[in-house]
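Visitor: First the structure, which I've put down as structure tokens, then a few questions once you've had a look.
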Amino acid sequence: MTTPQLFFAYFAVAMTALSLLIVTRKNPVHSVLCMLGLFIHIAGLYLFLNAEFLAAIQIIVYAGAILVLFLFVIMMLNLRKEETVKKYQAQWPVSAGIGIILAAFLVLILGNITVLPALGEYSIEAIKSEGSMMTVGKVLYTEFLLPFEIASIVLLVAIIGAVVLAKKRTE
Amino acid sequence: MVPLSWYIVLSAVMFSIGVFGFLARRNLLIIFISIELMLNSVNISLVAFSHYLQSMRGQILVFFVITVAAAEAAIGLAILIAYYKNNPTIKVDEINLLKG
């Protein structure tokens with residue numbers, strides 16, 4: 001195995017282990033902390049794939065915002081008594097079967113996937129000459145301008161919805 | 001050079017683990033976390049395709065997925081807190097009321 005493959009192998013093993021830990025821990029705080037490790041590994045994988053902008057976004061938005069949101073909610077809810085009861089639903093063997101079958105199907109179907117010969121214009125050299133941020137920004141603000149505006153409306157709806165849902169009833 | 005299929009297999013395995021967590025766990029918070037796990041596994045495959053096809057669209061799509069995931073987490077957790085105020089449980093097999 002070459003060095004990049006060893007690097008990827010470490011990341012794959014660590015990420016699979018962290019994912020399994022996330023769905024099997026009883027205490028949600030432990031799950032969230034495993035999630036933090038997973039997000040840092042994913043950011044490393046993005047750097048490995050020449051997506052520096054997304055690696056930064058992954059750390060800032062996911063690890064910085066979403067996980068803190070989860071931790072706040074865990075602290076607001078008093079979950080002490082919930083830890084003592086069983087953590088899986090009654091049908092969990094069926095769920096495990098579905099997960100294993102899905103994984104087997106996906107690996108069988110996608111295990112030998114290769115790249116199409118028609119390559120785009122954003123080769124590693126092209127990205128390096130301009131910088132990752134500039135390349136992403138150029139595509140985002142020209143070709144994907146309308147989806148970008150719609151994303152801002154989605155975020156506005158999320159802000160208003162969260163405030164309306166979580167505030168105390170006044171009447 | 002790492003083949004593209006390795007990334008896709010890793011993404012598929014992580015997605016399946018997320019599906020298992022979504023279907024099997026009783027804690028609503030862990031179910032939300034499983035959804036985030038599935039979204040992240042899809043993001044990995046999108047970035048890998050973007051790199052190997054030398055196209056920028058995969059990365060832009062990941063950007064939008066992260067946006068929607070942030071909105072989804074905020075709304076979902078707000079609904080969870082609003083529910084918890086009336087019925088103090090977050091076990092999904094005991095949540096059976098929509099009206100507070």
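Nothing in this text is a laboratory measurement; each read-out follows from the coordinates by a stated rule. This is a predicted model, so every value here is computed, not measured. All Cβ positions, even for glycine, are placed from backbone atoms using ideal geometry, and neighbour counts span all protein chains on display.
Visitor: Can you give the relative contact order of chain A as a percent, counting alpha carbon pairs under 8 Å and 6+ residues apart? Display every interim value, and only then the final one.
Guide: On the way: 67 pairs, mean separation 28.4, N = 171.
So the answer I get is 17 percent.
Visitor: Moving on. Go ahead and set up a Gaussian network model of chain A, Cα springs under 10 Å, then flag whichever of A:Ala14, A:Ala103, A:Ala65 fluctuates most.
Guide: Comparing A:Ala14, A:Ala103, A:Ala65 in a Gaussian network model of chain A, the most mobile one is A:Ala103.
Visitor: Another question about this same structure. Within the range A:70-143, which GluC sites (Glu not before Pro) sit in a loop by DSSP and count at most 14 neighbouring Cβ atoms inside 10 Å?
Guide: A:Glu121, A:Glu143
Visitor: Here is a follow-up. Identify the GluC sites (Glu not before Pro) of the range B:34-100 meeting these criteria: DSSP loop state and at most 12 other C-beta atoms within 10 Å of the C-beta.
Guide: Values: sites: B:Glu36, B:Glu72, B:Glu94; in loops: B:Glu94.
In loop regions of the range B:34-100 (DSSP not H, G, I, E or B), the sparsely surrounded GluC sites (Glu not before Pro) are B:Glu94.
Visitor: Another one. Just how large is the dipole of chain A about the Cα centre, in debye to the nearest 20, putting +1 at every Lys and Arg Cβ and -1 at every Asp and Glu Cβ?
Guide: 1000 debye
Visitor: Please go through the residue pairs A:Lys86/B:Lys85; A:Lys86/A:Lys168; A:Lys26/B:Lys85; A:Lys26/A:Lys167 and name each one whose alpha carbons sit more than 25 Å apart in this structure.
Guide: In this structure, A:Lys86/A:Lys168; A:Lys26/A:Lys167 exceed 25 Å between Cα atoms.
Visitor: Can you tell which of A:Gln58, B:Leu61, A:Val115 lies farthest toward the positive end of the dipole of the protein assembly as shown, using +1 and -1 charges on the Cβ of basic and acidic side chains (Lys, Arg; Asp, Glu)?
Guide: A:Gln58
Visitor: By the gyration tensor of its Cα atoms, with a ≥ b ≥ c the square roots of the eigenvalues, what is the shape of the range B:4-86: rounded for a/c under 1.5, prolate for a/b over b/c, or oblate?
Guide: Oblate.
Visitor: Moving to a separate point now. Based on the alpha-carbon gyration tensor of the range A:121-171 and its eigenvalue square roots a ≥ b ≥ c, which shape applies: rounded if a/c is under 1.5, prolate if not and a/b is larger than b/c, or oblate?
Guide: Note, shape of the range A:121-171 comes out prolate.
Visitor: Give the residue list of trypsin sites (Lys or Arg not before Pro) in the range A:71-142 that are DSSP loop and have at most 14 other beta-carbon atoms within 10 angstrom.
Guide: Answer by residue number: A:Lys86.
Visitor: Next question. In chain A, if the dipole is taken from +1 on Lys/Arg beta carbons and -1 on Asp/Glu beta carbons about the Cα centre, which of A:Leu77, A:Ala158, A:Tyr10 is farthest to the positive end?
Guide: A:Leu77
Visitor: For the range A:30-67 and the range B:41-100, what is the separation of their C-alpha centers, rounded to whole Å?
Guide: 15 Å
Visitor: Where in chain A are the DSSP H helices whose C-alpha atoms run 24 Å or more along the long axis and whose mean Kyte hydropathy is at least 0.5?
Guide: Details: long enough: A:3-24 (32 Å, 1.65); A:28-48 (30 Å, 1.78); A:92-110 (26 Å, 2.41); A:145-166 (32 Å, 2.61).
For chain A, where a helix must reach 24 Å along its axis and average at least 0.5, the hits are A:3-24, A:28-48, A:92-110, A:145-166.
Visitor: A further question on this structure: Kindly identify the range A:1-81 as rounded, prolate or oblate by the Cα gyration tensor criterion: order the square roots of the eigenvalues as a ≥ b ≥ c, call it rounded if a/c is under 1.5, otherwise compare a/b with b/c, prolate if a/b is larger, else oblate.
Guide: oblate
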